[in-house]
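Participant: Have a look at the structure that comes next, please.
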Amino acid sequence: MNNSKVLRNTEFLLYETDEQIRIDVQTDGDTRKAAMILPEGWKRVPLHTVAEVRTGLAKGKQKFIDCVEVPYLRVANVQDGHLDLREVKKIQVERASVERYSMKAGDVLMTEGGDVDKLGRGAVWTAPIDPCLHQNHVFVVRPHTGVLDSGYLAALSSSQYGKAYFKSCAKRSTTLASINALQVRAFPIILPPFEEQRQIAKIIGTWDEAIEVSKAQVQRLIDEKRTLLHDLVSGRHCIQISPDAYSATPA
């Protein structure tokens, strides 16, 4: 595959603006138009034609006859492009429902509600916890094998294009917004050939890793600065000053 073409098309995916995208959506309607001109060989299809969209487990107080306690993911665990698994809670569920709500490696997780700019944020599940269920406020999108790449879908949902779509069809309150399963299924996926999807996901993943390393380095410098400032103002770190500095005559 032509590497320069892949890089050019990756740039196209990342840097399209809201004005260039222009997606018109009718609430739960059939009319969805995107005016963006796609690269050669790409097409646009509804998400439900290339993936299965699964709703999650609703929390309740019902009593189960045969229940087990299983880890599950909440909206707080699903960040933009990554998962925060520092606190994974557990839920009681009927044993027979575990398989229905369990996530599989390669699933893409999307959030139902929150700040409008975070709707639909995608992260790929790699199954570090198994079994693990998902709450009803977290959609699981299971791409069709060989048709839609998980990493590519996660990147697309987090791109300007994805954000523009979810923003255009979200139901809003004073401070929060939400989307429903019908709107997720109707998400108009920009679909390059499968191998090109994988290459694009790899390129974006490399940049994401570099950004995370840079963030860690910046945080380390901030922490070191704070420690030094504390030591200076508390007297724990003394600065040696030459006696000549006190006797110097001002210019």
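Taken together, the values in this text are just the output of simple stated rules run on the coordinates, not laboratory data. On a predicted model such as this, the values are computed, not experimentally measured, just so you know. We place every Cβ from the backbone using ideal geometry, glycine too, and count neighbours over all the protein chains shown.
Participant: If you keep only loop residues by DSSP, which trypsin sites (Lys or Arg not before Pro) in region 88-182 have at most 16 other Cβ atoms within 10 Å of their Cβ?
Facilitator: Counting only loop positions with at most 16 other Cβ atoms within 10 Å, the trypsin sites (Lys or Arg not before Pro) in region 88-182 are Lys89, Lys104.
Participant: Which value in nm describes the separation of the simple spin-label points at Phe194 and Cys67, placed 7 Å from the Cα toward the beta carbon?
Facilitator: 4.2
Participant: Quick check: residue separation of Thr227 and Ala127 times 0.36 nm, minus the Cα distance between them. What number comes out in nm?
Facilitator: Between Thr227 and Ala127, full extension yields 32.2 nm more.
Participant: FRET efficiency for Leu83 and Ile37, Cβ-Cβ distance as r, R0 = 25 Å, nearest 0.05?
Facilitator: Efficiency at R0 = 25 Å is approximately 0.15.
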